[in-house]
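Throughout, read-outs are computed from the coordinates displayed, never taken from laboratory work. Not measured: the values here are computed from a predicted model. Backbone-built Cβ (ideal geometry, glycine too); neighbour counts: all protein chains shown.
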Amino acid sequence: MSNAYLSHHAPWGAYAPFILGEFGKGGGFALSDVHSPGRSVYVAYRRSGEDVQVLPFLSAPLGLGEFAYQADADGLGHTPPPTRSVPGEELERHLGWASDEWRHGPLRFRLLSPFGEVPTPGTDDAALKRAVCPVVLAELELDNRDSANRAELLFALEGVNRPLSDTTAGALLGAAAGRRWGVAALPGPDVEEVQDFDVIGAAFGERRPRVRRLGNAGGVRLTVPPGQVGRLVLALGSYQGGTVTAGLNAQFFYTEMFADLEEVLAFGLEHAGHYRQLAADRDAELRGSGLSCERQFLLAHAAHGYLANTELLVREGGRPLWVVNEGEYRMMNTLDLTIDQLFWELRYHPWTSGNVLDLFLERYAFTDAVQGSGGPLPGGLSFPHDVGVSNVFSPPGLSSYETEDLHGCFSHMTFEQLTNWALSAAVYGRLADPAWLTRRGEVLEACLASLLARDTDGDGVMDVDSARCGTGTEITTYDSLDASLGPARGNLYLAVKTWAALVCLEQALTALGRGGERARQQAQRAAARIAGAFDPALGYIPALLSGGSDACIIPAVEALVYPLLLGLREAVSETGPYGPLVARLRQHLQTALQPGRCLDPVSGGWKLSSTSPNTWMSKIFLCQFVAETVFGLAPDPHCDAAHVRWQQLGSAAHGPTDQVRSTDGHALGSRLYPRLVTAVLWLPLPEGPSLPRWEAALHSPVSS
């Protein structure tokens, strides 16, 4: 595999990743974005008698930047230090769940982006302050024990414009870009600030002083005495003050706890021990999980991407506002991502899921009509695709994505978002917040009524589009796929998701004393309709139940995860009340996973559809979990190895990527994405007082 792939290293809720990993392309801080800024990151060291070794994280070849300001470079009287750009193949790299480590000879360089449980605001201020502090750590060690001479070590960033010692009276050493981001270390006898046009020359050359305030690169230099191991601990932090959104005014939540960048950096260094231990705990948890090396990498890579996209804001009036941004597209709280990220959030901070569901109810829920043959018919409650884009909240009831009069991408997803909200509410409420669910009883009834209104022929499957489509038609979350998964009406994937929503609504409404009989009856009709569409000659259920595509699709089994999470194991058992449906889905999946169907013949990875090479990693992970847990299929290490290659080779330049070409992993869309954390389903849920109690048997196959 490769070690030259882009990764995010991000604090929780700050929407401010530090990006590094692709050789020769630089990296650095991205604020309110997840795209790499492509600035040089200087990680360099020198031992006695050797050239300066510069790791391959620069955005351009090494040069003598300051000479552009000199009429006669030869007359400076200084000899630049001899340098060597380290080839990427000389580096060893390991991506952990909360770390990223590179080694070269005597150098060890680590970035730590720890994460864990986050308390609900107002319950534990000290823990919340540690969780929201917008900082990650860098640790560098240089082994100089076998030398009788000193060695030097440098970490510096391009794009800075001030030394931190100026504003902290020397309490912090480092460099910053205005008041927005910076790198800091605590002072020590061997620690020095560096800032210059030519930061390598300033750190390792003969010139003094080492700080030139006109220079645009700077950081921290460490001298390592002979016979010792030098260690440098750095805080990499950001600060975005004031109102950062439009449409709905909000600030970053951490600004209520930290006054400026200097406070952030000082707090990060003061609590470095806590963050280091938290990162070590997460890394150890993943190593001890029993997952294969391939799945450990895929989950770690996914976690880094998710954290980079998270944003905890505070609204006027002090209410917290949780946002997960949609990777390169930057759409906010996309509801068909929310339901997939639910599995992660239930594990670490369930309250954020409730926060998103409440935002949709408060500001974005709407009641619409549906298209009937004789004109509009009553529809019901539903929800838009998202709540805005690029920190701009859409007006109430509208998304940034959906447009009328279309039949493909950018059309409306009204029905799928209705199922997404209902499923998310049932799972979140039942597992993590029963009191919240009790208060939403009438909304759940409205969701059920709306599901029924969109099934005009009474077979349990959606067959009319929202009137918002105009002359167009509804689509699913698989907007960029072909007819096998893109259209909503009669879609097998969405039909099974509808069935799952009805099963979960039945449980929730019954538990609330509101009667789940209507939901149960509709679920039975949906199950019969889907199972009845099984084609014995094909060995599977065609992708469109009413014709138009006979593709074989893996996501037919995706939605079985929701009844399973709620402990409704009989509902996903072949001996239970929906046994015929589950049995047909087993046969369907077995056919799908045959070569020539949904296994790519070139790479060996999973294709979601037999008729399209556009495959989505987040959905593969989710369907793998269902296949192994519900149907008892064994994990296929060859498939997992292919999925790793897709990320490390095919999409290496784009960070965690959801949509890839199944032959080679070439990125087709959804780059820099948060949704891949569906992979967390592979892990058993640890017990803890603030964690939802999933069924103990969740990770054992359902008996058939």
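Here are a few things to note about the model shown:
- For the range 291-350, the list of GluC sites (Glu not before Pro) that fall in a loop by DSSP and count at most 14 other C-beta atoms within 10 angstrom reads Glu316.
- Cross-link reach list, lysines versus Lys497, counting only Cα pairs under 28 Å and skipping chain neighbours closer than eight places: Lys607, Lys619
- Taking the inverse of the mean reciprocal distance over all distinct Cα pairs, the Kirkwood hydrodynamic radius of the chain comes to 26.6 Å.
- The listed peptides 638-651, 595-608, ordered by packing as a protection proxy, come out as 638-651, 595-608 (highest mean of other Cβ atoms within 10 Å first).
- Mean sequence separation of contacting Cα pairs (under 8 Å, at least six apart), scaled by the length of the range 319-682, corresponds to a relative contact order of 14 percent.
- Calculated P(r) of the range 525-567 - Cα pairs past 13 Å, %: 61
- Note on His274 and Asn249: with the Förster distance fixed at 35 Å, the Cβ-Cβ geometry gives a FRET efficiency of about 0.60.
- For the range 14-283, the C-alpha radius of gyration sits at 1.01 times the compact-globule guess of 2.2 N^0.38 Å, with N the residue count.
- Kirkwood hydrodynamic radius of the range 199-329, from inverse mean 1/r over distinct Cα pairs, in Å: 19.0
- The range 318-357-the range 233-253 distance, computed between alpha-carbon centres (Å): 18
- Comparing Cα centroids, the range 617-687 and the range 509-550 end up 27 angstrom apart.
- Whole-percent pair-distance distribution, where bins are 5 Å wide, for the alpha carbons of the range 312-460: 2, 9, 18, 22, 21, 15, 8, 4, 1, 0
- Order by protection proxy (mean Cβ within 10 Å, highest first), peptides 338-344, 459-465: 338-344, 459-465
- Ordering Met413, Met331 from the fewest to the most neighbouring beta carbons within 10 Å gives Met331, Met413.
- √(5λ) per eigenvalue of the Cα gyration tensor, the range 254-308, largest first, Å: 30, 14, 7
- Largest-first ellipsoid semi-axes for the range 319-682, taking √(5λ) over the Cα gyration tensor eigenvalues, angstrom: 28, 24, 21
- Taken as Cα centroids, the range 372-393 and the range 4-49 sit 39 Å apart, rounded to the nearest whole angstrom.
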